Amino acid sequence: MRAVPITTHGGPEVLALREVAEPAPLAGDALVRVRACALNHLDLWQRRGIARVGLALPHIPGSDIAGEVVEGGPSGLAAATRVVVHPGLTCGRCAACVAGHDSLCDHYGVVGYQSEGGYAELVAVPAGNLLRIPDGVTFEAAAAFPLTFLTAWHMLLSRANLRAGETVLVIAAGSGVGQAAVQIAKLHGARVIATAGDARKLEAARALGADEALDHYAAGLTDEVRRLTGRRGVDVVIEHVGEAVWDRVLKCLARGGRLVTCRATSGYHGALDLRALFARQLSLMGSYMGTRADLDAAWAAFTRGELRPVVDSVLPLADAAEAHRRLETHAQFGKVVLQI
Ligand SMILES: [Zn+2]
């Protein structure tokens, strides 16, 4: 089959269409003919090489996969059924899995990272990871959905326990997770203050439903958030920028406020005044991916038309290098999707 494996670490130029062996499904797997695969930053890190993580090469990346069933395996889904792939790999047997906290699985992995992914004509995935794509939803839109909406749903609902009427500050609302978070928070009756780095992304955040949109490079971000909340601060912060904004976003939290972070793109270190932590009764939470129940709930909202992934561009698989450049230079607004 044709695929774009990572054969050596480096810049986007290391990505090229190659002929590789077809995947051999294990017991419990389904075989899917990939039609669309959306990019994530995870793909870029794999291509560059991740410190402390030894990735066995060659490796086929791609975690957000939509396609057609070739062999349904235990899923019982007929050939040609249109499906999207839940990107979480779990054992299904450990205490966390049994309790429904499967993103805390002892053996947690991500499709396209701990397994071969969707930059290929065929992919083998656990049959239980398939969800049906309803009629009228394109492969490209379906592929643009799972990872970011799963992540944002888990952050807002499973971690922060968001309630209607609360105020949410979404940092970097132009990112995939940010776009998902704005929509999910609005769907659950929250007031949303979004930040972004340029006028186009600020306008797009408003178009997705944000009540307020602020430039996160502006010096007065904290003051502006306090002004917009009657000096109270926000109930929930959705964060993944890290060091560059850490001090300022902590100061945006109301008493009893919860901050959830899923990444630290600008740097890994942030200071904390412990007096603020206890006196203001703050909660600081980490989040990574999400549970199958999170994805099922988010996917149901998507199929009802209540959430919509933003597709920036669709490129053929042969242009994977160009797709990586687009994501790497932040030229995109929304998901960059490969068509296969
Ligand atoms: Zn498990």
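Over the range 210-340, what is the relative contact order in whole percent, taking alpha-carbon pairs under 8 Å and six or more residues apart? The normalised contact order for the range 210-340 reaches 16 percent. Counted over the range 34-140 with a bin width of 10 Å, the fraction of Cα pairs per bin, in whole percents, is 15, 41, 34, 10, 0. Looking at the range 5-67, what % of the alpha carbon pairs are farther apart than 20 Å? Here the tail beyond 20 Å accounts for 34 percent of pairs. For the range 139-282, the percent of C-alpha pairs falling in each 10 Å distance bin, counted from 0 to the bin holding the largest distance, reads 12, 45, 35, 6, 1. For the listed peptides 288-300, 4-16, a ranking on the average number of other beta carbons within 10 Å per residue, highest first, reads 288-300, 4-16. Take HIS107 and ASP247, extend 7 Å from each Cα along the Cα→Cβ direction, and tell me the distance between the two endpoints in nm. Result for the modelled spin labels: 4.6 nm.
Kindly provide the Kirkwood hydrodynamic radius of the range 135-190 in Å, to one decimal, from all pairs of distinct alpha carbon atoms. Final number for the Kirkwood radius of the range 135-190 is 11.8 Å. For ASP223 and ASP198, FRET efficiency with R0 = 22 Å and r from the beta-carbon atoms, rounded to 0.05? Rounded to the nearest 0.05, the efficiency is 0.60. Once each part is reduced to its C-alpha centroid, what is the distance from the range 294-340 to the range 133-196 in angstrom? With the range 294-340 and the range 133-196 each reduced to a Cα centre, they are spaced 14 Å.
When you restrict to C-alpha pairs under 8 Å that are six or more residues apart and normalise by the size of the chain, the relative contact order lands at 19 percent.
Note on the chain: Rg/Rh from Cα positions, Kirkwood definition for Rh, rounded to two decimals, is 0.97.
Multiplying each eigenvalue of the alpha-carbon gyration tensor of the range 202-282 by 5 and taking the square root yields semi-axes of 20, 17, 11 Å, largest first, rounded to whole angstroms.
Listed peptides 146-154, 270-278, 318-326 appear in the order 146-154, 318-326, 270-278 once ranked by packing, highest mean of other Cβ atoms within 10 Å at the front. Here the label points at CYS91 and ARG231, each 7 Å from Cα along the C-beta direction, are separated by 5.3 nm in the simple model.
For the range 164-208, what number results from the quotient of the Cα radius of gyration and 2.2 N^0.38 Å? Let's see the in-between values first.
Working: Rg = 9.5 Å, N = 45, 2.2 N^0.38 = 9.3 Å.
Here the Cα radius of gyration is 1.02 times the empirical estimate.
Each Cα pair under 8 Å and six or more residues apart adds its sequence gap; the mean of these over the residue count of the range 1-119 is a relative contact order of 26 percent. Using every pair of distinct Cα positions in the range 255-340, the Kirkwood expression returns a hydrodynamic radius of 16.8 angstrom. In this simple spin-label approximation, SER283 and HIS9 carry label points 7 Å from Cα along the Cα→Cβ vector, and these lie 3.7 nm apart.
Bear in mind that the values in this text are calculations on the coordinates, not laboratory data. Nothing here was measured: the structure is a model prediction, and the numbers come from that model. Reconstructed Cβ throughout: ideal geometry from the backbone, glycine too, with neighbour counts over all protein chains shown.
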